[in-house]
Amino acid sequence: MVAAAGLAACGGSGASASGADRDRYGYRVGSDDRRETMQVRPIADSTRYLVYPAVVDSVAVRAAGRPAPGDAVAVEVLVQGALPDACAELTEVTQSREGHFVAVDLTMRQPLETVCAAVVRPFRFYVVLDGGFEAGSYTLRVNGKPTPFQVLSVREDADR
């Protein structure tokens, strides 16, 4: 019987289903009217764009499932930020990993020579990190902003 599996980010468990974690991590569909869940939209036309790093307000990390003992954990990241106007879109996400350091770069784009309504649009964006994560401490950098997180080991319940 699996007794403990989890992942902690900044001292709190992101794997829990408590109300506080739901408030921090967010829902994927329809319950948060303040933040739109964004998708990456690759450039598919001849429009010229200004491309630059997306504005990131916060990052939350959690396990993306429960592994069996001895298996690596999949890790999911929620990035929350804001787009500066009505035309801006998320355009690309890239990842790299070296040992216990993971870098995620999220870019946005704005069309050149287009007038856009100046309205700040809060967003949330979910990304599953590539590969599995063994128990240990890690550092995630999203657009240069570091977020430490820890993958807890999965162990057999000794009482059963």
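The values are calculated or read from the model by the stated rules, or taken from the named source; none is laboratory data. Nothing here was measured: the structure is a model prediction, and the numbers come from that model. Reconstructed Cβ throughout: ideal geometry from the backbone, glycine too, with neighbour counts over all protein chains shown. Note: areas computed on protein heavy atoms with side chains; ligands, DNA, RNA excluded. Shrake-Rupley method; radii C 1.70, N 1.55, O 1.52, S 1.80 Å.
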Task: Breaking point among (1) over 11 Å from the mean Cα position of the chain (by Cα); (2) within 20 Å of residue 37 (Cβ to Cβ); (3) among the hydrophobic types (A, V, I, L, M, F, W, C), for residue 101 - done: (2)
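Scanning the stretch 96-110 for residues that are polar (S, T, N, Q) and open to solvent by less than 60 Å² (accessible area, probe 1.4 Å), which turns out farthest from residue 139 (Cα to Cα)? Even if it seems obvious, please write down each step before you answer.
Here is the first cut: in the stretch 96-110, the ones polar (S, T, N, Q) are 96, 107, 110.
When the remaining residues are screened for being open to solvent by less than 60 Å² (accessible area, probe 1.4 Å), the result is 107, 110.
Numbers: 107: 20, 110: 30 Å.
This residue is 110.
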Open item on the list: Which residue is modelled with the highest pLDDT, if the candidates are limited to the stretch 68-83 and must be surrounded by fewer than 17 Cβ atoms within 10 Å (Cβ to Cβ) and out of contact with any Pro (no Cβ under 9 Å at 6 or more places or on another chain)?
Closed with: 72
- [ ] May I ask you to list pairs of residues, at least six apart or on different chains, whose Cβ atoms are under 6 Å apart, with the first in the stretch 117-136 being small (Gly, Ala, Ser) and the second being part of a loop (DSSP other than H, G, I, E, B) and surrounded by fewer than 16 Cβ atoms within 10 Å (Cβ to Cβ)?
- [x] 117/86; 118/85; 132/72
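Name every residue in the stretch 111-149 that is touching a Gly at 6+ places or on another chain (Cβ under 7 Å) and either open to solvent by 30 Å² or more (accessible area, probe 1.4 Å) or not charged (D, E, K, R) (or both), in order of residue number.
If the condition is that a residue be touching a Gly at 6+ places or on another chain (Cβ under 7 Å) and either open to solvent by 30 Å² or more (accessible area, probe 1.4 Å) or not charged (D, E, K, R) (or both), then 123 is the only one that fits.
Of everything in the stretch 104-116, what is of a type in the set (A, V, I, L, M) and within 22 Å of residue 56 (Cβ to Cβ)? Give them in sequence order.
Keep residues of the stretch 104-116 that are of a type in the set (A, V, I, L, M), which gives 104, 106, 108, 112, 115.
Once the filter is applied, which keeps residues that are of a type in the set (A, V, I, L, M) and within 22 Å of residue 56 (Cβ to Cβ), the stretch 104-116 yields 104, 106, 108.
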Open item on the list: Residue pairs, Cβ under 9 Å, 6 or more apart or interchain, first in the stretch 82-104 and free of Cβ contacts under 8 Å to residues at least 12 places away in the same chain, second open to solvent by 50 Å² or more (accessible area, probe 1.4 Å). List them.
Closed with: 94/105; 96/105; 96/130
Task: Candidate set: the stretch 48-64, residues that are outside any strand (DSSP E or B) and surrounded by 13 or more Cβ atoms within 10 Å (Cβ to Cβ); chosen: the one modelled with the highest pLDDT - done: 54
TODO: For residue 92, state whether it is modelled with pLDDT of 95 or more, charged (D, E, K, R) and either surrounded by fewer than 16 Cβ atoms within 10 Å (Cβ to Cβ) or closer than 18 Å to residue 75 by Cα (or both).
DONE: no
Task: Cβ-Cβ under 6 Å pairs, at least 6 apart or on other chains, the stretch 44-65 side under 16 Å from residue 87 (Cβ atoms), far side open to solvent by 60 Å² or more (accessible area, probe 1.4 Å) - done: 48/112; 50/112
